[in-house]
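The values are calculated or read from the model by the stated rules, or taken from the named source; none is laboratory data. Nothing here was measured: the structure is a model prediction, and the numbers come from that model. Reconstructed Cβ throughout: ideal geometry from the backbone, glycine too, with neighbour counts over all protein chains shown. Remember, those area values only see protein heavy atoms, side chains included, never the ligands or the DNA or RNA. Shrake-Rupley method; radii C 1.70, N 1.55, O 1.52, S 1.80 Å.
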Amino acid sequence: MKLIFLGPPGAGKGTQAEKISELYGIAHISTGDMLRSQMREGTPLGAEAKGYIDRGELVPDELIVAMVAERIKEEDCANGFLLDGFPRTVSQAEALNGISDIDMVIDIAVPAERLMERIGGRRMCSGCGAGYHTSSYHKDTCEKCGASLYIRDDDRPETVKHRITVYERQTKPLIDYYREKGNLSRVNGDNTPDRVFDDVAAAIKGLV
Ligand code: ADP
Ligand code: ZN
């Protein structure tokens, strides 16, 4: 099973992707997590991506496409994968067409006015990159590895505003792109995580 999760920053893609990929035994591929882990490790790709990410801009398509193309060749993708945060531009979607077929695209829709407050509560582990939200997690260390939590530089309000604009301009057109292809499903992301999960799982059920 090959899935794409679309949706604005703060829609809850990562939270849902983690649970859905586990349920179906498919690889969870988050381009944001991959880039942040490259930055933590100080690789050349991480160094190149950092400037774009901190400014709230997209990392150039060719870097991202090459990274994803390599990733989906790995063994854990044999059963399928869930792309979280990719594609983010029409040009990335067209490149993906040449690399793999896709069974379903799920758009997790959340109204723009809800995104700022959601992202404001986001915390990330400095050790393993796990994500948390202050509404449901009240400690300042990671439950998985014990390292301290921090606020991502690109989660600061000014940068978030820009990321939402970038989403509207560059990523939102993908909703129509995939609707025309006929494999788009929309889920209301403005609900509790459990309710969103049920709705996403119901959308996928038709496939399996
Ligand atoms: P969010 O889930 O809040 O949207 P991500 O963790 O997915 O954030 O992405 C963080 C940043 O990483 C983006 O703002 C962008 O700079 C970069 N990035 C991630 N995925 C892509 C992509 N497919 N194309 C270009 N840049 C990307
Ligand atoms: Zn951790």
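Within this structure, PHE81 fails the test of being open to solvent by less than 70 Å² (accessible area, probe 1.4 Å), among the aromatic types (Phe, Trp, Tyr) and within 10 Å of ligand 1 (Cβ to nearest atom). The number of residues in the stretch 118-138 being within 14 Å of ligand 1 (Cβ to nearest atom), open to solvent by 20 Å² or more (accessible area, probe 1.4 Å) and not in a strand (DSSP E or B) comes to 2.
Go through the residues of the stretch 46-54 one by one and say whether even a single one is farther than 18 Å from PRO173 by Cα, touching a residue at least 60 places away in the same chain (Cβ under 8 Å) and open to solvent by 60 Å² or more (accessible area, probe 1.4 Å). Scanning the stretch 46-54 turns up no residue that is farther than 18 Å from PRO173 by Cα, touching a residue at least 60 places away in the same chain (Cβ under 8 Å) and open to solvent by 60 Å² or more (accessible area, probe 1.4 Å).
Looking only at residues in the stretch 139-157 that are open to solvent by less than 50 Å² (accessible area, probe 1.4 Å) and either part of a loop (DSSP other than H, G, I, E, B) or among the β-branched types (Val, Ile, Thr) (or both), which one is modelled with the lowest pLDDT?
Residues of the stretch 139-157 that are open to solvent by less than 50 Å² (accessible area, probe 1.4 Å), as a first pass: 142, 146-147, 149, 152, 154-155.
Still in the running and either part of a loop (DSSP other than H, G, I, E, B) or among the β-branched types (Val, Ile, Thr) (or both): 142, 146-147, 152.
Values: CYS142: 97, GLY146: 97, ALA147: 97, ARG152: 89.
Among them, the one singled out is ARG152.
Restricting LEU174, LEU207 to those that are open to solvent by less than 50 Å² (accessible area, probe 1.4 Å), in contact with a strand residue (DSSP E or B) (Cβ under 7 Å, 6 or more places away or on another chain) and away from ligand 2 (no atom under 16 Å from the Cβ) reduces the list to LEU174.
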